[in-house]
Amino acid sequence: MAHNKIAVVTGGMGGLGESISTKMADAGYKVVVTYSPSNTKWKSWIDEMRGRGYNFGAYPLDVASFEDCADKVAKIQNEIGAVDILVNNAGITRDMTFKKMSKGDWDAVMHTNLDSCFNMTKQVMDGMVDRGWGRVINVSSVNGQKGAFGQTNYSAAKAGIHGFTKALALEVAKKGVTVNTISPGYIGTKMVTAIPKEILDSKILPQIPVGRLGKPDEVAGLIIYLCSEEAAFVTGANISINGGQHMY
């Protein structure tokens, strides 16, 4: 399938981000990835992707900075074209009990995981509305729905994402723009598969009724659907993709 729609994926070089980016490119989108300015491996990632036949645009971006988001999105739109699809995927964790959590730990997660949705969406929404078509997909988490020990900051930020989604979806529903949240559970990214096998087998997998980790491509497939014309009637939704771990 070939079309000219341009998609921006924040955190597009991470485990889940990479699957989203490659699957969207396979579906015919022109994909631009953003990566953390502290990522020293970005060039080797781009080279590896080129070797696999993917020609991504790539921009360093501090999603926690409104000014950097404004600057980089303007650059993307000047150099590549108007952004039709935004996947707010970038995120970090600073896990610890609330007792041990510092204001800095709280702020870092809120700025990167929640403020980023405002910072990025603000740059592209007017254009989507003016053109009468757009898709915003915000990546939340099962832990934003059910909470998680040691994640007051992360769970609060991820829950906040869906409040943002619902309110914005109402504002642009008549303009041809949809805004949705997805909430993945435990997905088999490098970060999760690095968890010791005994912890996975005894603590994590028993929580998941389907009995396995999710696949990054399964999450990417859901995003592909939400970007499609067939998903034009889906807006303001929070779609769980967690193997039945939490039914919400």
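Give me the helices (runs of 4 or more DSSP H) completely within the stretch 150-248, filtered to those with at least 2 residues that are over 27 Å from Met128 (Cα atoms), ordered by residue number. First the steps, then the outcome.
Working: elements: 152-172, 190-193, 216-227.
Fully inside the stretch 150-248 and qualifying: 152-172, 190-193.
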Lone unmet requirement of (1) at pLDDT below 95; (2) farther than 14 Å from Ser141 by Cα; (3) aromatic (Phe, Trp, Tyr) for Phe233 = (1)
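Against the condition in a loop (DSSP other than H, G, I, E, B), within 14 Å of the chain's Cα centre (by Cα) and in contact (Cβ under 8 Å) with a residue 40 or more places away in the chain, how does Gly91 come out, does it pass? Before the answer, list the steps.
Working: in a loop (DSSP other than H, G, I, E, B): yes; within 14 Å of the chain's Cα centre (by Cα): yes; in contact (Cβ under 8 Å) with a residue 40 or more places away in the chain: yes.
Criteria met by Gly91.
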Is it the case that the stretch 125-133 has a residue that's at positive phi and at pLDDT 95 or above?
-> yes
Inside the stretch 20-39, can you point out the residues that are over 16 Å from Arg52 (Cβ atoms) and charged (D, E, K, R)?
-> Lys30
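Kindly provide the set of residues from the stretch 9-24 that are among the hydroxyl-bearing types (Ser, Thr, Tyr) and either surrounded by fewer than 24 Cβ atoms within 10 Å (Cβ to Cβ) or at pLDDT below 95 (or both), ordered by number. First the steps, then the outcome.
Step one: list which residues in the stretch 9-24 are among the hydroxyl-bearing types (Ser, Thr, Tyr), which gives 10, 19, 21-22.
Selection gives Ser19, Thr22.
Quick check, is Thr34 under 17 Å from Asn138 (Cα atoms), in contact (Cβ under 8 Å) with a residue 40 or more places away in the chain, polar (S, T, N, Q) and crowded, with 19+ Cβ neighbours inside 10 Å?
yes
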For Glu198, all conditions in the list (1) in contact with a Ser or Thr (Cβ under 9 Å, 6 or more places away or on another chain); (2) of a type in the set (D, E, K, R); (3) over 26 Å from Leu86 (Cα atoms) hold save one; what is the number of the exception?
-> (1)
Could you run through the stretch 141-195 and say how many residues are among the β-branched types (Val, Ile, Thr), closer than 22 Å to Met110 by Cβ and out of contact with any Ser or Thr (no Cβ under 6 Å at 6 or more places or on another chain)?
-> 2
Hey, among the residues in the stretch 13-53 that are of a type in the set (Phe, Trp, Tyr) and not in a helix (DSSP H, G or I), which one's farthest from Lys75 (Cα to Cα)?
-> Tyr29
Has the stretch 129-136 got at least one residue that is under 23 Å from Glu18 (Cβ atoms), in contact (Cβ under 8 Å) with a residue 60 or more places away in the chain and not small (Gly, Ala, Ser)?
-> yes
Selected residue (criterion: farthest from the chain's Cα centre (by Cα)) from residues of the stretch 94-138 that are of a type in the set (Gly, Ala, Ser) and in a helix (DSSP H, G or I) = Gly104
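How many residues does the stretch 13-32 contain that are in contact with a Ser or Thr (Cβ under 7 Å, 6 or more places away or on another chain) and over 16 Å from Ile187 (Cα atoms)? Reasoning before the result, please.
To start, the set of residues in the stretch 13-32 that are in contact with a Ser or Thr (Cβ under 7 Å, 6 or more places away or on another chain) comprises 15-16, 31.
Then drop every residue that is not over 16 Å from Ile187 (Cα atoms), which leaves 31.
Residues meeting the conditions: 1.
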Would it be correct to say that Glu67 is among the acidic types (Asp, Glu), surrounded by fewer than 18 Cβ atoms within 10 Å (Cβ to Cβ) and either over 20 Å from Asn4 (Cα atoms) or under 14 Å from the mean Cα position of the chain (by Cα) (or both)?
-> yes
Across the stretch 1-12, which residue is farthest from Ile182 (Cα to Cα) among those that are under 11 Å from the mean Cα position of the chain (by Cα) and outside any loop (DSSP other than H, G, I, E, B)?
-> Val8
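The values are calculated or read from the model by the stated rules, or taken from the named source; none is laboratory data. Model, not experiment: these values are computed from the prediction. Methodologically, a virtual Cβ is constructed for each residue, glycine included, from the backbone with ideal geometry; neighbour enumeration extends over all protein chains shown.
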